[in-house]
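Let me begin by presenting the structure, written as structure tokens, before commenting on it.
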Amino acid sequence: MKIRSVAIALIALACSPQASAAPDGAALYESNCAACHQVNGGGIGLPLSASKLATVSDNYIKSTIRHGRIGRIMPAFPELSSAQVDAITAYIRSWSGVAGPQYPDTPLPGDRRRGGSLFKIYCSSCHSSDGSGEGLGTGVTYSRGRSFAVMPPAITNPGFLASASDHMIKRVIMLGRPGTAMKSFLDVGLRDNDFNDLVSYIRSFEAKQRIPSAAAEETEKSPALMFDSPNDFATTIASIKSAIEGKNFRYLPDRHLEKGLTESGQVNRRQMTIRYCNFQQLYKMMRVEPRLGVGLPCRITVIENDDGTVQLIAMNMRLIAQLFNNDQLLEFAEELHEIQLDIIDEALL
Ligand code: HEC
Ligand code: HEC
């Protein structure tokens, strides 16, 4: 029992350094955001200026913190609690002295094709032809075009689309963002239906991308996945191994959980970690993100409690990969996550 809670505490600690901090918005901003956004923005992140805050809702800020901009520099912060996200948002909001606007969630009617043509003429020089913002003033790497004090963001990014309502996007295009290259397109002579068409075009990228649903995220928040086994300790281990082989994975020599932590004579033999891998898969992932080495190979730990019940503990690969905010890695982790759940499903039959 004791070692189990220590192990879980260690995993939790490694994955969410802020989990237990009291929600002090200023301190959380300082430790999570200021490195890029400084105070009021500037730096690497987009400015969070008073004029911008007057045009974005609190929900937009909260959702941006949660989802980040996958594949860009802006990280997702799935490990922050709702109270912490609220505290950071309230702190940022306090810079502007005005409450955030509320936008209706209703979609705007528009002609996506026509919007696409307008986009090519008026927007793609900065936001790139597909809105990804790649190319000029890129936010993909830490460099940016010399001509931009503020880089053009990725406006087709799933994190942006999940956060911004149609009405907010329209307002940005109409009014621009003072002090940046994003000017008001009212001044250029675009009209109301042009703005709606542009919004429809930008929104159409949403269907091409995937963002985890709120419900799925809720159940997937824990860094450790735990399952009760219907079988005894030895049977559970044997069935996990056969499920691993069934998936064309190999498992490494048995290792007791406490190995290396306790003198060998005192190791608890009722706590076993089964490490398994498929070298091709590992290689693919390590090439994308070498830091992932700390979490690999995959492992499932089997524990027999004092009352004889047996439990499995596995790492939540999907959640851990999300911390790296890297699309390609997420895809591989997703694959491994499913395989891991299959193995556990089969072992628990
Ligand atoms: C590693 C750098 C980095 C960190 C850390 C970071 N951001 Fe960002 N943030 C960015 C970048 C870069 C963008 C622009 C997104 C793009 O490139 O499309 C951005 C965009 C945003 C936006 C959207 C602004 C707009 O104009 O729409 C908000 C809001 C935001 N960040 C808030 C935060 C908050 C709050 C935190 C801390 C919890 C944070 N960011 C941490 C780099 C960062
Ligand atoms: C000259 C370069 C330039 C052009 C042209 C341009 N933008 Fe921008 N755009 C920017 C920059 C820079 C920002 C970031 C400003 C900020 O938020 O601080 C931005 C921000 C935005 C945002 C807000 C995104 C966010 O993360 O907050 C939207 C939406 C947007 N632009 C849409 C458009 C559309 C649609 C067009 C064409 C009608 C367009 N832009 C043309 C440079 C440009």
Quiz item: Only one residue in Leu175, Leu186 is touching a residue at least 40 places away in the same chain (Cβ under 8 Å), more than 8 Å from ligand 2 (Cβ to nearest atom) and open to solvent by 50 Å² or more (accessible area, probe 1.4 Å). Which one?
Solution: Leu175
Quiz item: Among Glu346, Glu263, Glu334, Glu304, which is closer than 30 Å to Ile65 by Cβ and either at pLDDT below 70 or open to solvent by 20 Å² or more (accessible area, probe 1.4 Å) (or both)?
Solution: Glu334
Exercise. State the number of residues belonging to segment 54-84 that are in contact (Cβ under 8 Å) with a residue 12 or more places away in the chain and more than 8 Å from ligand 1 (Cβ to nearest atom).
Key: 17
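Can you report the number of residues in segment 88-113 which are more than 10 Å from ligand 1 (Cβ to nearest atom) and buried (at least 21 other Cβ atoms within 10 Å of the Cβ)?
Residues meeting the conditions: 1.
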Quiz item: Hey, among Leu46, Leu13, which residue is modelled with pLDDT of 60 or more and farther than 16 Å from Tyr91 by Cα?
Solution: Leu46
Quiz prompt | Residue count for segment 33-53, restricted to those that are more than 6 Å from ligand 1 (Cβ to nearest atom) and open to solvent by 40 Å² or more (accessible area, probe 1.4 Å) | solution = 5
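The values are calculated or read from the model by the stated rules, or taken from the named source; none is laboratory data. Note that the coordinates shown come from a computational prediction; the quantities given were computed from them, not determined experimentally. When we count neighbours, we look across all protein chains shown, and the Cβ atoms used for this are built from the backbone with ideal geometry, even at glycine. Accessible surface areas use protein heavy atoms only, side chains included; no ligands, DNA or RNA. Shrake-Rupley method; radii C 1.70, N 1.55, O 1.52, S 1.80 Å.
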